[in-house]
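> Here it is, the structure, as structure tokens.
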Amino acid sequence: MTEDQWTVIGIATAWSGTVGVLGLLLGWMLRHRSLRYLPAGVALVAVLAVVAGVVGTARAMFLSSHDYTVVLSVSLVAGVLALVFSMAVGHTVVRSSRSLREDARRFGESGRFVAARRGPAEFQQLSAELARTSERLNESRARELVLEESRRELVAWVSHDLRTPLAGLRAMTEALEDGLAEDPDRYHTQMRAEVDRMVGMVDDLFELSQIHAGVLSLTLQTVAVGDLISETIAAADPVARARQVRLGGAVDQGVLVRADPAQLSRVVGNLVMNAIRHTPPGGTVDILGRSLPEATELNVSDGCGGIPETDLDRVFDVAWRGNHARTPDSGSDSGSGAGLGLAIVKGIVEAHGGTVGLESEPGVGTTFMLRIPIAH
Ligand SMILES: Nc1ncnc2c1ncn2[C@@H]1O[C@H](COP(=O)(O)OP(=O)(O)OP(=O)(O)O)[C@@H](O)[C@H]1O
Ligand SMILES: [Mg+2]
């Protein structure tokens, strides 16, 4: 390159550079302003940098005054066009951002966001992201609603279940007080049974609140599943006999499980009591234990005739009970409880890192399956 050319490049750099620096300064000053001005600013700086370069190097280029005017006019026209174009771009960007803001505002009000496929790619991505957030929010809101509903049901049913025996107790104590009771011994037995039932219910509530608060403390020990099953059968046998349900148990040799013995026997006890309650006279309830490669499995199967498919998802819900158990006065015959048993089962098994599931065979019965992992 000749020396002249180097001179031209130097002068142009100085002039255009000065405009560029001024443009940067202006951009910095306007950085909090609307996006609308940004493309216009960029176009303006670009054109002015060219014009400044031309003005600065005019003498070094030996431009005639005619050519000089031509170059400046061309630059001016290009500048005006660039400005118009950039303002149009700025306007489109601002409009897209405004419509996105409008969508976001509606999202805030209605909780539902509909992704709009318009505007620049970044806005579309933002819009899609907001739509996903809205979906997640709605899912968690729905879960919250279900929980809230089940909490309300729990309070309603528990207060109902406590009110009924309490009213009975009051009537019986009044009768005893007034000496009107014909058979005081029967009253005493019945009162004792009611009190036991209420104590059981309050214990269940306490247990459940501990599970939900995550403060259930487990004292893990190695438990022989055979012993656990025999103890459960021994405890449930009187109820089973009274209902003419046959209770059976089978376990492979030497099956062990690492668990809190008291909590695990509560779990199996709840399952067995449910099974006995729902099995008609003459039916059978079986408890089976076996070792799997990764877990210890405990199955409780009954002859209840199966749980309706629509109920399968709900049996572990707090305060949920089958329809037949929802009649107001079925409480006193021990045929139904507060609907806490299976929620407690699930909570305790999960606190052990295990899982509980069920299989229902229509017309035959239901099998509840517990799996507690073998601790490594
Ligand atoms: N083995 C079973 N066979 C058929 N239905 C069952 C069985 N176990 C539970 N269910 C159904 O699931 C519901 C919920 O059971 P859960 O043990 O949680 O409550 P509950 O037995 O009614 O009351 P609680 O256990 O608090 O005394 C029952 O009301 C019943 O309808
Ligand atoms: Mg139960």
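The values are calculated or read from the model by the stated rules, or taken from the named source; none is laboratory data. Keep in mind that this is a model prediction, so the values were computed, not measured. When we count neighbours, we look across all protein chains shown, and the Cβ atoms used for this are built from the backbone with ideal geometry, even at glycine.
> Can you pull out every residue in segment 234-253 that is in a helix (DSSP H, G or I), away from ligand 1 (no atom under 16 Å from the Cβ) and surrounded by 17 or more Cβ atoms within 10 Å (Cβ to Cβ)?
Answer for segment 234-253, where residues must be in a helix (DSSP H, G or I), away from ligand 1 (no atom under 16 Å from the Cβ) and surrounded by 17 or more Cβ atoms within 10 Å (Cβ to Cβ): there is none.
> If you don't mind, another one. Quick one: which of ARG321, ARG277, ARG314 is away from ligand 2 (no atom under 12 Å from the Cβ) and either touching a Lys or Arg at 6+ places or on another chain (Cβ under 6 Å) or not aliphatic (A, V, I, L, M) (or both)?
None of the other options fit; the residue is ARG314.
> Turning to a different aspect of this structure: Is it the case that some residue within segment 155-176 is of a type in the set (Gly, Ala, Ser) and in a loop (DSSP other than H, G, I, E, B)?
For segment 155-176, residues of a type in the set (Gly, Ala, Ser) and in a loop (DSSP other than H, G, I, E, B): absent.
> What is the residue count in segment 268-305 for residues that are of a type in the set (A, V, I, L, M) and within 11 Å of ligand 1 (Cβ to nearest atom)?
Residues meeting the conditions: 7.
> Still on this structure, I have one more. Identify, by number, the condition in (1) touching a strand residue (DSSP E or B) at 6+ places or on another chain (Cβ under 8 Å); (2) away from ligand 2 (no atom under 16 Å from the Cβ) that VAL267 doesn't meet.
(2)
> How about segment 180-217: which of its residues are surrounded by 15 or more Cβ atoms within 10 Å (Cβ to Cβ) and closer than 14 Å to GLN263 by Cβ?
Of everything in segment 180-217, those that are surrounded by 15 or more Cβ atoms within 10 Å (Cβ to Cβ) and closer than 14 Å to GLN263 by Cβ turn out to be ASP204, GLU207, LEU208, GLN210, ILE211, LEU216.
> Looking only at segment 254-277, decide whether some residue is part of a strand (DSSP E or B) and in contact with a helix residue (DSSP H, G or I) (Cβ under 8 Å, 6 or more places away or on another chain).
yes
> Still on this structure, I have one more. Which of the residues belonging to segment 202-227 are in contact (Cβ under 8 Å) with a residue 60 or more places away in the chain and over 28 Å from the mean Cα position of the chain (by Cα)?
LEU220, VAL225, GLY226
> Is there a residue in segment 199-215 that is over 30 Å from GLU297 (Cα atoms) and modelled with pLDDT of 90 or more?
Yes; the residues of segment 199-215 include at least one that is over 30 Å from GLU297 (Cα atoms) and modelled with pLDDT of 90 or more.
> Here's a follow-up. I'm trying to understand the selection: among the residues of segment 105-120, which are basic (Lys, Arg) and either surrounded by fewer than 12 Cβ atoms within 10 Å (Cβ to Cβ) or over 12 Å from LEU137 (Cα atoms) (or both)?
ARG105, ARG106, ARG117, ARG118
> Collect the residues in segment 1-42 that are exposed (fewer than 12 other Cβ atoms within 10 Å of the Cβ) and not aliphatic (A, V, I, L, M), keeping them in residue-number order.
THR2, GLU3, ASP4, GLN5, TRP6, TRP28, ARG31, HIS32, ARG33, SER34
> What single numbered condition from (1) over 30 Å from ARG118 (Cβ atoms); (2) modelled with pLDDT of 90 or more; (3) surrounded by 15 or more Cβ atoms within 10 Å (Cβ to Cβ); (4) not small (Gly, Ala, Ser) fails to hold for VAL45?
Result: VAL45 passes all but (1).
> Okay, next question. Spot the failing condition for GLY353; the list is (1) surrounded by fewer than 23 Cβ atoms within 10 Å (Cβ to Cβ); (2) touching a strand residue (DSSP E or B) at 6+ places or on another chain (Cβ under 9 Å); (3) touching a residue at least 24 places away in the same chain (Cβ under 8 Å), and only one is missed.
(3)
> If you don't mind, another one. Residues of segment 200-218 being within 16 Å of ligand 2 (Cβ to nearest atom) and not in a helix (DSSP H, G or I), which ones?
Correct list: empty.
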